[in-house]
Amino acid sequence: MIKHLTIFRVIYLLVLVFALIHFILGLFGLAFTPILWNFWFFGLCLTLFIHPWTIFYKSRIFQWHHLIFQALSGFFALIIWFMIFFILSTVPDSSMPINLDYYVIREKNEIRIIRGFLLHEIHEYHDLVNPLIMKSKVKYVEKN
């Protein structure tokens, strides 16, 4: 069984385990902080981008124009990643706290997650259990 575990299968399993742990924490009213979800989302997108290219290069003879296409597709993949990241940041009530703008307030032991966009910003405050886990229930909300 170990010989069938490639690096991509291990990464996909780690991503799945992270999501399962998040949903198990959700049963107890807890959630991972946005910094972990941001790394999770970036790692997932990077893996989903690199995996097809490794399959492609294993089955083809190396040619220079493939590098040009890979660079162009990397640029477009980065744009798509930013767009999805931005859209997930503006969703007002998401189960995954993927977000561009958040602040940890150590004095009050809470995290402020800013959702929405420009005129319709919503500041959600959550209690921190530890630096990587927060309570999923919103403590209070400020609307701008």
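Quick notes on this structure:
- 20 Å Cα-Cα reach of Lys143 towards aspartates and glutamates, excluding residues that sit fewer than 8 places from it in its own chain: Asp93, Asp101, Glu110, Glu121, Glu124, Asp127
- Length added when fully stretched, Val138-Leu119, from 0.36 nm per residue minus Cα-Cα: 4.8 nm
- Average projection area in nm² (convex hull over Cα atoms of the chain, one quarter of hull surface): 11.4 nm²
- Within the chain, longest stretch free of exposed trypsin sites (Lys or Arg not before Pro) [DSSP loop, at most 15 other beta carbons within 10 Å]: 1-59
- Global form of segment 1-77, assessed from the alpha-carbon gyration tensor, a/c cut-off 1.5: oblate
- Nearest-20 debye value, segment 2-143 charge dipole, Cβ charges on Lys, Arg, Asp, Glu: 500 debye
- Loop chymotrypsin sites (Phe, Trp or Tyr not before Pro), segment 1-62, which have at most 15 other Cβ atoms in a 10 Å radius of their Cβ (DSSP): Phe28, Phe62
- Dipole check for segment 67-115: with +1 at the C-beta of Lys and Arg, -1 at the C-beta of Asp and Glu, and the Cα centre as origin, the magnitude is about 60 Debye.
Laboratory data are not the source of any read-out in this text; all were calculated from the coordinates shown. Predicted model only: the values in this text are computed from it and were never measured. Cβ atoms come from the backbone with ideal geometry, glycine included; neighbour counts cover every protein chain shown.
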